[in-house]
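Chemist: Before I ask anything, let me first share the structure, which is written out below as structure tokens.
The values are calculated or read from the model by the stated rules, or taken from the named source; none is laboratory data. Since this is a predicted model, take the numbers as computed values, not measurements. As a convention, Cβ positions derive from the backbone with ideal geometry for all residues, glycine included, and neighbour counts pool all protein chains shown. Accessible surface areas use protein heavy atoms only, side chains included; no ligands, DNA or RNA. Shrake-Rupley method; radii C 1.70, N 1.55, O 1.52, S 1.80 Å.
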Amino acid sequence: MATSTINDEEIKKFSDLAEQWWDPSGQFKPLHKFNPVRLAYIREQVLAHFSLEGTKRQPFEGMKFLDIGCGGGLLCEPMARLGAEVTGADASERNIGIAKVHAEQSGLDIKYLATTSEALAAKGEQFDVVLNMEVVEHVADVPLYLKSCSALVKPGGLMFIATINRTAKAYALAIIGAEYVLGWLPRGTHSFSKFLTPEEITSIISRHGMTIRDRSGVSYNPLHDQWRKSRDMAVNYMLLAEKKT
Amino acid sequence: MGKSSDYDVAIVGGGPAGLTLGLALSQFVPDLRVLVLDRKEFKIPDDARSLALAAGVTRIFEVLGIWDKMSAHAAPIAHMRVTDSGTGDISRPLFLSFDGDVHPGRPFAHMVPFRDIVGALLEVARSRVELKAQAQVRSLNTGGATAELVLQDGSAVCAKLIIAADGSRSALRDMAGIKTINHDYHQNGLVTTISHEIDHGDTAFEHFRPAGPFASLPLPGSRSSLVWTESRAQAMHLKFLSRDEQARIIEASMGNCLGKVELEEPIQSFPLRLCLARDFVVPRLALLGDAAHAIHPITGQGLNLGLKDVAALSEVIIEAVRHGEDHGDLNVLRRYERWRRLDVALMAMVTDSLNRLFSNEAVALRIVRDFGLGLVDRMPLIKKSLMRHAAGQDPGGPKLLSGQDI
């Protein structure tokens, strides 16, 4: 068995929630709400980086995407609709089962694998774009995990990382606010000590041939009940890194 | 079993809102498969009225490249004069400028013959959008990843998203099980066309009277279109007067600002009733225009609101398609609902009475509450956004309304 960085307890926690993945008003509501801002960011950056034609219905045609920690397929399905050849990887068999069923219902062709980034990297597979969204804060061995993710990016390709910063503000909003006050997330979803700062991530991945191309904060606007890109990276943030050619 | 065909969006109802939506979608996502169905033939209606198109709405047509085709007989409303006695700070005419991106030197509205609006839309739609006439919907199934319409002839149309643009008595709305909130204002809306002694100078007049607002909208020549409200009793009373007597009452209501007037047609009177859908969207279906919200009489207000719906809905659909989202998903459609609900609720209130806007007695206010805006705890917020709206400073409005591409 390959060395795994995924914590068994983490897998169990999410598998229990898995059936609700695709219910927009269910327990994954925050993720559904969060999705448009990530999708817009991915689209914009991928179009720009690879000089793709944005007016096309399927601008990502011919590109290989990997979504690590794909869950129920919330990101895989949109990428497939945009023409990408998508692989979704998740350590939870149950998530993969749900994602497969849903993709079939949606009439989308997506390759779902119950596996880890380490196992995929060991096989030597590489992708134009690796999506690493809302995963790193749940991982047991971050350096090992990010090393394998970086290895999965083709030279000249991109990796998106989205996660939560380790700041007092993040503690207040992402844990106290989201889990205790608003009840958006089940208590215990996140643990503060596992949050990473953008600098920590940057420092790890730069050792594996990745260069940061863009950094962006994501903030919640309670008036519009919407997430927006912002300059404030103190809570949720996204990093874009390019693999050295 | 009939033949089934697959579309991204199927629009039921080939009125101005439905056609404009079809055009907007196909302009910005050329390979989107869009179908517009109508139970009748697509043709220019036999309706001589001119409707006031708000500036933001004419911008939609500019962006779609059809404004030139419909504006040959358009009369600009360059000025607005409010002649109320007390509440001098109200600068928004009831029937016009709910739009608010008015720029200096630009007419804030145009009076456009309804025939020209539909004529231009149809001409362009015939070459850019797939149209299907005499297609009466027999049943609707929104259960799966694709919605299905079964037509009277037994054929089926499948689409990721169905748009109900089939008017205030929307059959699709009923098929989708969407309930409506109905309110009778116990007032009548009256419309007629007059010719007058003094030139209007491209000015619209708004007169605030105890009985409700009275508006005159300039038509080409020394003619104007009138829209006003009266109590049921007064509306009935007016109806039995001679045209001369009616004209005298109109002159008095207008403070003689256009001099002597003559009626070109009988006064038409409609009960002011609001029909508001409780939900604008359900999975795989969205209501558009009068199907979502109807306020009688049809003074053009309905059309303006419907076209603002188009601006919001087309942007929501196009963004979803560009992000790779399932554009028929409830989560996506709710963005449209959220975007339009406040504006529509505001209209309902404004129609009830400008003067009682913030009165607790306003029935419309209660309707808005029922309507689920959570008005009670968000009251300061609503007030603030009302004022912004009134001042024409709506941030984050649909792009088409400010003349931008989507």
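Chemist: Has the stretch A:176-193 got any residue that is farther than 15 Å from residue A:132 by Cβ, at pLDDT 90 or above and touching a strand residue (DSSP E or B) at 6+ places or on another chain (Cβ under 9 Å)? Please lay out each step first, then the result.
Modeler: Pass one, the stretch A:176-193, residues farther than 15 Å from residue A:132 by Cβ: A:176-193.
Now drop any that are not at pLDDT 90 or above, which leaves none.
Checked against the condition, which is being farther than 15 Å from residue A:132 by Cβ, at pLDDT 90 or above and touching a strand residue (DSSP E or B) at 6+ places or on another chain (Cβ under 9 Å), the stretch A:176-193 yields no hits at all.
Chemist: Counting only residues that are open to solvent by 10 Å² or more (accessible area, probe 1.4 Å) and within 18 Å of the chain's Cα centre (by Cα), how many does the stretch A:39-62 have?
Modeler: Within the stretch A:39-62, residues that are open to solvent by 10 Å² or more (accessible area, probe 1.4 Å) and within 18 Å of the chain's Cα centre (by Cα) number 4.
Chemist: Additional query: Test residue B:149 against the criterion of being more than 14 Å from every other protein chain (Cβ to nearest Cβ), touching a Phe, Trp or Tyr at 6+ places or on another chain (Cβ under 8 Å) and not polar (S, T, N, Q), and give yes or no.
Modeler: Numbers: more than 14 Å from every other protein chain (Cβ to nearest Cβ): yes; touching a Phe, Trp or Tyr at 6+ places or on another chain (Cβ under 8 Å): no; not polar (S, T, N, Q): yes.
No, not satisfied.
Chemist: While we're looking at this one, here's another question. Suppose the filter is over 30 Å from residue A:59 (Cβ atoms), open to solvent by 30 Å² or more (accessible area, probe 1.4 Å), at pLDDT 85 or above and charged (D, E, K, R); does residue B:265 pass it?
Modeler: Details: over 30 Å from residue A:59 (Cβ atoms): yes; open to solvent by 30 Å² or more (accessible area, probe 1.4 Å): yes; at pLDDT 85 or above: yes; charged (D, E, K, R): yes.
Yes; evaluated as a whole, the condition is true for this residue.
Chemist: Next question, about the same structure. Taking into account only those residues within the stretch B:307-333 that are in a helix (DSSP H, G or I) and over 23 Å from residue B:16 (Cα atoms), which is farthest from the chain's Cα centre (by Cα)?
Modeler: Here is the first cut: in the stretch B:307-333, the residues in a helix (DSSP H, G or I) are B:307-323, B:330-333.
Then keep just the ones that are over 23 Å from residue B:16 (Cα atoms); that gives B:320-323, B:330-332.
Values: B:320: 24, B:321: 26, B:322: 27, B:323: 29, B:330: 23, B:331: 25, B:332: 22 Å.
For the stretch B:307-333, the residue satisfying everything is B:323.
Chemist: Can you tell which of B:104, B:93 is at pLDDT below 95, assigned to a loop (DSSP other than H, G, I, E, B) and either of a type in the set (Val, Ile, Thr) or open to solvent by 40 Å² or more (accessible area, probe 1.4 Å) (or both)? Break it down stepwise before answering.
Modeler: Details: B:93 fails: either of a type in the set (Val, Ile, Thr) or open to solvent by 40 Å² or more (accessible area, probe 1.4 Å) (or both).
The match here is B:104.
Chemist: Here's a check for you: in the stretch A:98-120, which residue that is in contact with a helix residue (DSSP H, G or I) (Cβ under 8 Å, 6 or more places away or on another chain) and open to solvent by 30 Å² or more (accessible area, probe 1.4 Å) is farthest from residue A:76 (Cα to Cα)?
Modeler: Selected residue: A:114.
Chemist: Also, I was wondering about something else. Here is a list: B:209, B:248. Which entry is at pLDDT below 85 and of a type outside the set (A, V, I, L, M)? Outline the logic, then answer.
Modeler: Values: B:248 fails: at pLDDT below 85.
Of the residues listed, the single one that is at pLDDT below 85 and of a type outside the set (A, V, I, L, M) is B:209.
Chemist: Please indicate, with yes or no, whether at least one residue in the stretch B:33-48 is among the basic types (Lys, Arg), open to solvent by 30 Å² or more (accessible area, probe 1.4 Å), within 14 Å of chain A (Cβ to nearest Cβ) and not in a helix (DSSP H, G or I).
Modeler: Step one: filter the stretch B:33-48 for residues among the basic types (Lys, Arg), giving B:33, B:39-40, B:43.
Adding the requirement that they be open to solvent by 30 Å² or more (accessible area, probe 1.4 Å) leaves B:33, B:39-40, B:43.
Cutting the leftovers down to within 14 Å of chain A (Cβ to nearest Cβ) gives us B:33.
Next, from what is left, pick out any that are not in a helix (DSSP H, G or I): B:33.
Yes, the stretch B:33-48 contains a residue that is among the basic types (Lys, Arg), open to solvent by 30 Å² or more (accessible area, probe 1.4 Å), within 14 Å of chain A (Cβ to nearest Cβ) and not in a helix (DSSP H, G or I).
Chemist: Next question. Only one of (1) open to solvent by 30 Å² or more (accessible area, probe 1.4 Å); (2) more than 14 Å from the chain's Cα centre (by Cα); (3) farther than 30 Å from residue B:158 by Cβ fails for residue A:91. Which number is that?
Modeler: The number of the failed condition is (2).
Chemist: Checking the condition among the acidic types (Asp, Glu), free of Cβ contacts under 8 Å to residues at least 12 places away in the same chain and farther than 23 Å from residue A:228 by Cα, which residue from A:61, A:44, A:53 passes? Lay out the reasoning, then the answer.
Modeler: On the way: A:61 fails: free of Cβ contacts under 8 Å to residues at least 12 places away in the same chain; A:44 fails: farther than 23 Å from residue A:228 by Cα.
From the options A:61, A:44, A:53, the qualifying one is A:53.
Chemist: Next question, about the same structure. Since residue A:213 meets every condition but one in (1) touching a Leu at 6+ places or on another chain (Cβ under 7 Å); (2) closer than 21 Å to residue A:29 by Cα; (3) among the basic types (Lys, Arg), which condition does it not meet?
Modeler: Of (1) touching a Leu at 6+ places or on another chain (Cβ under 7 Å); (2) closer than 21 Å to residue A:29 by Cα; (3) among the basic types (Lys, Arg), only one is false for residue A:213: (2).
Chemist: For the stretch B:324-332, state whether one or more residues are within 14 Å of chain A (Cβ to nearest Cβ), touching a Leu at 6+ places or on another chain (Cβ under 8 Å) and within 18 Å of residue B:178 (Cβ to Cβ).
Modeler: Initially, the stretch B:324-332 is screened for residues within 14 Å of chain A (Cβ to nearest Cβ), giving B:324-332.
Filter once more, so that each one left must be touching a Leu at 6+ places or on another chain (Cβ under 8 Å): B:324-325, B:327-328.
After this cut, where a residue has to be within 18 Å of residue B:178 (Cβ to Cβ) as well, the list is B:328.
Yes: the stretch B:324-332 contains one or more residues that are within 14 Å of chain A (Cβ to nearest Cβ), touching a Leu at 6+ places or on another chain (Cβ under 8 Å) and within 18 Å of residue B:178 (Cβ to Cβ).
Chemist: While we're looking at this one, here's another question. Does the stretch B:192-203 contain any residue that is of a type in the set (D, E, K, R), open to solvent by 10 Å² or more (accessible area, probe 1.4 Å) and touching a Leu at 6+ places or on another chain (Cβ under 8 Å)? Spell out the reasoning first.
Modeler: At the first step, the residues of the stretch B:192-203 found to be of a type in the set (D, E, K, R) are B:197, B:199, B:202.
Filter once more, so that each one left must be open to solvent by 10 Å² or more (accessible area, probe 1.4 Å): B:197, B:199, B:202.
If we keep only those that are touching a Leu at 6+ places or on another chain (Cβ under 8 Å) too, we end up with B:197.
Yes: the stretch B:192-203 contains one or more residues that are of a type in the set (D, E, K, R), open to solvent by 10 Å² or more (accessible area, probe 1.4 Å) and touching a Leu at 6+ places or on another chain (Cβ under 8 Å).
Chemist: Which of the helices (runs of 4 or more DSSP H) contained wholly in the stretch A:13-118 include at least 2 residues that are within 14 Å of residue A:131 (Cβ to Cβ), within 14 Å of another protein chain (Cβ to nearest Cβ) and at pLDDT 95 or above? Can you show your working first?
Modeler: On the way: elements: A:29-49, A:76-81, A:93-105.
Fully inside the stretch A:13-118 and qualifying: A:29-49, A:76-81.
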